[in-house]
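Heads up: the structure comes next, in C-alpha cells.
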Amino acid sequence: MARTEKLLVLPAEHELVGSQCIACQEKLKAGDEVVVCPRCKSAHHADCWRESAGCRKHGCPQVAIAIKPEETVATGDAHLLQRSPKQKALLAISIVLVLGVLGFAMRPGPDPAEGRTKISIMVAGGIQETNYFEPFIDEFNNSQSALYLALAVTPTVAYDQKLVVLLGARDAPDIFTLLEERYEMFAEHGGLLDLTPYLEAQPELIERFFRNGLDETLVNGSVYGIPHPWRNEVFTIWALSPHPDTAWQMLVMLLEKIATDWPEELKGEMPSEPWKIPMPGSF
C-alpha cells in the first residue's frame, strides 16, 4: 500500500528544528514547511521534496504522492517544443539531413590538379597580365596529364606583403617574380633557390636570357633569378619548392614564351612602392 507523505509546518518547539534537510543539508528552522518521508523518516524541506519528486535518501523508494512537483505551464511558444516520439524522430532525421547538406556544401572543392604535380606561379599585375597568362596556362593544363600550373596574379600594391607572408608560412609559390631592387634582399635572406647548377647544365640559356651577362644577378657568387625580358623584374624559384627541377623547366618555358610575344602595352618599368617590406631573419 502506497504511503502518503504529509506537509508539516515546524513549530518552534518541534524536535526537527535544528536538524538537517537530507536533500540540501541546510538546517530546518521553525516555520519551515517540512516533509518527513513516511518510509524512512528522513526530513526534507517541502521544496526539496518537490524538486526531488520524493525522498532523497539513498535506496529509499518513496516518491511524492500528495505533495508533488509543481507542473510548469508552457508559455509563449514553449508548447511548440513538446513533440511526440514520431515528431522527435522526424526532427532528428531533418537535423542529420541539414548537417549533411551543409557538410557537402562546405567541403573543399575538387583539386583542379587532379593528382598531377602542381607548380604554382605568382606574378604582380592586374587584368592585362591575367589576360596574357591565363590562355597559355589553360592550354598547357588541358594538354598535360602529369603536370598542372596554378597561376596567381596579385595586385602590385599588395604583392610584396603577400609574398613575405607566404614565405614566412613556408607556403610560397614555386615560381614568383620580384622587382630588381628586391631581388638581392630576398636572395640574401634565403628565400630563393640557387639556379647556378641549372645554368651550368644548360649554358646556352645564359646567352638567351642574360643579355647583360650574369653579373647583375650574382648574389654572393650565385645566380638566384632570371631577368624578365621586358620589365624591371626577376623570375625566381622558391628555395623550399617541393619540385625544384620541374619548377625550373616551367620557368624556362615561361620565359621563352614571354621573350617572344610579351604585349607591347605591358612593357616598361613596374612601379616601386615607397614603403619598406619587413623581412624575417631568414626564410
Going residue by residue through region 237-253, the Karplus relation 6.51 cos²θ - 1.76 cosθ + 1.60 with θ = phi - 60° gives ³J(HN,Hα) values, rounded to whole Hz and with x marking Gly or Pro, of 10, 4, 4, 9, 4, x, 9, x, 5, 5, 4, 4, 4, 5, 5, 4, 4
In whole Å, largest first, the alpha carbons of region 117-266 cover along the principal axes 39, 34, 34
Within straight-line cross-link reach of LYS267, aspartates and glutamates at Cα separation under 13 Å, skipping those fewer than 8 residues along the same chain
GLU129, GLU233
If one computes the Cα centroid of region 129-154 and of region 172-227, what distance in Å separates the two points?
23 Å
The long-range amide H neighbours of GLN62, using H built 1.01 Å from N in the peptide plane and a cut-off of under 5 Å, are CYS55
In terms of modelled amide H atoms, which long-range or inter-chain residues lie less than 5 Å from the amide H of VAL219?
TYR224
Nearest-0.05 FRET efficiency for GLU114 and LEU218, computed from C-beta distance (R0 45 Å)
0.65
Please give the direction-averaged projected area of the C-alpha convex hull for region 177-216, in square nanometres with one decimal.
3.2 nm²
Be a star and scan region 1-32 for residues whose amide nitrogen sits under 20 Å from the point 7 Å along the Cα-to-Cβ vector of HIS58.
20-26
In nm, to one decimal, how far is the LEU240 label point from the ALA150 one, both placed 7 Å along Cα→Cβ?
1.6 nm
Base-10 log of normalised Debye intensity for region 211-261 (one unit scatterer per alpha-carbon) at q = 0.17, 0.32 Å⁻¹
-0.57, -1.26
Once fully extended, how much extra length lies between MET185 and ALA30, figured as 0.36 nm per residue of separation less the alpha-carbon to alpha-carbon distance?
47.2 nm
Got a sec to turn the phi values of region 26-37 into Karplus ³J(HN,Hα) couplings, 6.51 cos²θ - 1.76 cosθ + 1.60 with θ = phi - 60°, whole Hz, x for Gly and Pro?
7, 6, 7, 10, 4, x, 5, 7, 10, 10, 9, 4
Restricting attention to the alpha-carbon atoms of region 1-69, what are Rg (one decimal) and Dmax (integer), both in Å?
11.0, 33
Placed amide H near VAL34: partners under 5 Å, 5+ positions off or other chain:
LEU8, VAL9, LEU10, ALA46
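Of the listed pairs LYS27/LYS68; LYS6/LYS41; LYS29/LYS68, which have alpha-carbon separations greater than 19 Å here?
Checking Cα-Cα distances, LYS27/LYS68; LYS29/LYS68 exceed 19 Å.
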Near-label residues of region 180-194 by backbone N, under 11 Å of a point 7 Å along Cα→Cβ of ILE206
none
Under 20 Å by backbone N from the virtual spin label 7 Å along Cα-to-Cβ at GLU256, the residues of region 181-203 are 195-203
Specify which residue in the list VAL35, LEU7, ALA66 is farthest towards the positive end of the charge dipole of region 1-69, using unit charges on the beta carbon of Lys, Arg (+1) and Asp, Glu (-1), about the Cα centre.
ALA66
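Computed from the coordinates by the stated procedures, all read-outs in this text should not be read as laboratory data. This one's a predicted model, so the numbers in the text were calculated from it and none came from an experiment. In this analysis, Cβ positions are derived from the backbone assuming ideal geometry, glycine residues included, and neighbour counts consider all displayed protein chains.
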